[in-house]
Amino acid sequence: MRGRDRLPDEVAVRLSVRTRRLPYRLEKVFRLRSGTAALEVEGRATNESGLRLHAMWGQHIVYGPPFLRPGARIRLPDGVTVIPHESAINPPERRVRAGGPWPVVPADGGGETDLSVVPEPGAPSDIVYLTGFGDEGWYEISGDIGMRVEWDATVLPYLWMWQELGASTGYPWWGRAYTVGLEPFAGMPTDGLAAAVANGTALVLDPYETKVLRLRAEVLA
């Protein structure tokens, strides 16, 4: 404390849970420090067994109205590569036909699509996986205000970019969603742990090992 009648220099909350199906203990500490516009997160994943286990660990960070708007820009470091999901998540349309260097990639139906620009409502749904961040991952997204997210890319080397912009008119969206997810993850694809184990991208925790992740999300003026 700065003084008896003053506000604390920081506030923090710790959350924890043990998973039901696999022997993991997960912890998160959320921290806000005085004088900053940043949320600091420290996550811990502990394998409480004597066996070597796989995990699909990620952070579900999703943006929508009123923050998200058409024309908002997404910035990533140089050298990032786009990997498309194997199939359309809302057939028959999708934004991306093939992968390549971020941000301009071949578009479904011909031409190119610039993934760094958020489209108008009603644009096709899609999900792609971004990789090539090196040790430190980061992105910035603009809206009426901006956000910068930084994380340890040695733990979560992929960034899932999920776009549900109103084209999916069935369950559970009914055409009402206008969201972009920018979600740091240990592996890919979104099909589940078995698929990530099969392609070699799943996170591995040795017996009784703890993985630590630090993430920072800062509001930009």
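The values are calculated or read from the model by the stated rules, or taken from the named source; none is laboratory data. Computed from a prediction, not measured in an experiment: that's the story for all the values here. So basically every Cβ, Gly included, is an ideal-geometry build from the backbone, and we count neighbours across all protein chains shown. Side chains are part of the model used for accessible areas, which takes the heavy atoms of the whole protein and leaves out ligands, DNA and RNA. Shrake-Rupley method; radii C 1.70, N 1.55, O 1.52, S 1.80 Å.
For Val96, the amide hydrogen comes within under 5 Å of the amide hydrogens of Asp108, counting only partners 5 or more places away or on other chains and with H modelled in the peptide plane.
Exposed loop sites here are trypsin sites (Lys or Arg not before Pro) in DSSP loop states with at most 12 other C-beta atoms within 10 Å. What is the longest stretch of the chain lacking them? Don't skip to the end; give the middle numbers.
Values: sites that count: Arg2, Arg4, Arg6, Arg20, Arg21, Arg52, Arg176.
In the chain, the maximal stretch lacking such sites is 53-175.
Counting other Cβ atoms within 10 Å, which GluC sites (Glu not before Pro) in region 147-221 have at most 15 and lie in a DSSP loop? Loop-located and lightly packed - Glu209. When only Cα pairs below 8 angstrom with a gap of at least 6 residues are kept, the chain shows a relative contact order of 25 percent.
Calculated on the alpha-carbon coordinates, the convex hull of region 121-221 measures out at 133 cubic angstrom per residue. Computed over the chain with a Gaussian network model linking Cα atoms closer than 10 Å, the most mobile of Ile127, Ile61, Ile83 is Ile61.
Taking region 90-104 and a reference point 7 angstrom along Cα→Cβ of Val117, the backbone N atoms nearer than 19 Å belong to 94-98, 100-104. Pairs of Cα atoms nearer than 8 Å and 6+ residues apart set the relative contact order; for region 23-83 it is 26 percent.
Comparing Pro106, Pro23, Gln59 along the charge dipole axis of region 1-157, the residue lying farthest to the positive side is Pro23, per the Cβ-charge model. The Cα center of region 123-145 and the Cα center of region 60-90 differ in position by 5 Å. Each Lys and Arg adds +1 at its Cβ and each Asp and Glu adds -1 at its Cβ; summed about the Cα centre, the chain shows a dipole of about 820 debye. Between region 170-221 and region 14-55, the alpha-carbon centres lie 14 Å apart.
Sorted by accessible area (1.4 Å probe), largest first, how do His54, His60 line up?
Numbers: His54 70, His60 135 Å².
Greatest to least solvent exposure: His60, His54.
Only the Cβ atoms of Lys and Arg (+1) and of Asp and Glu (-1) were treated as charged; on that basis the dipole of region 6-132 about its Cα centre amounts to roughly 680 debye.
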